[in-house]
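Inspection log for the structure reproduced underneath, given as structure tokens.
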Amino acid sequence: MGATFHHRDFDLRTLRRLKAEQRTVVSCVVPTLNEAATIGKVLAALRRNPLVDELVVVDSGSTDGTRELA
């Protein structure tokens, strides 16, 4: 059964334990709106994080090319 947590609901120690014991999958949802200047660095940092298994970018109608960069 899946569960949803907000980043304020747990610490990294708990997340590591959940991933090890329950094979928990960690998905990061990244809401965006005109973030072309920063989206590359944000996604690169998340991709380097070994705890993150999936990235979901939700664009809210950017007009600066954010969607294409993500």
**OP:** Scan the stretch 27-70 residue by residue and report those that are out of contact with any Ser or Thr (no Cβ under 7 Å at 6 or more places or on another chain) and either of a type in the set (Asp, Glu) or open to solvent by 90 Å² or more (accessible area, probe 1.4 Å) (or both).
**Re:** Val29, Ala37, Lys41, Arg47, Arg48, Pro50, Thr63, Asp64, Arg67, Glu68, Leu69
Subject >> Residue list for the stretch 14-26, restricted to those being loosely packed, with under 12 Cβ neighbours inside 10 Å and not in a helix (DSSP H, G or I) >> reply: Arg23, Val25
Subject >> Pair list, Cβ < 8 Å and 6+ apart or interchain, from the stretch 40-51 residues that are within 14 Å of Val25 (Cα to Cα) to residues that are surrounded by 13 or more Cβ atoms within 10 Å (Cβ to Cβ) and among the basic types (Lys, Arg) >> reply: Leu51/Arg16; Leu51/Lys19
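The values are calculated or read from the model by the stated rules, or taken from the named source; none is laboratory data. Owing to the predicted nature of the structure, the values given are computational and were not obtained by experimental measurement. Reconstructed Cβ throughout: ideal geometry from the backbone, glycine too, with neighbour counts over all protein chains shown. When the accessible area is computed, the model is the full protein with side chains, heavy atoms only, and any ligands, DNA or RNA have been set aside. Shrake-Rupley method; radii C 1.70, N 1.55, O 1.52, S 1.80 Å.
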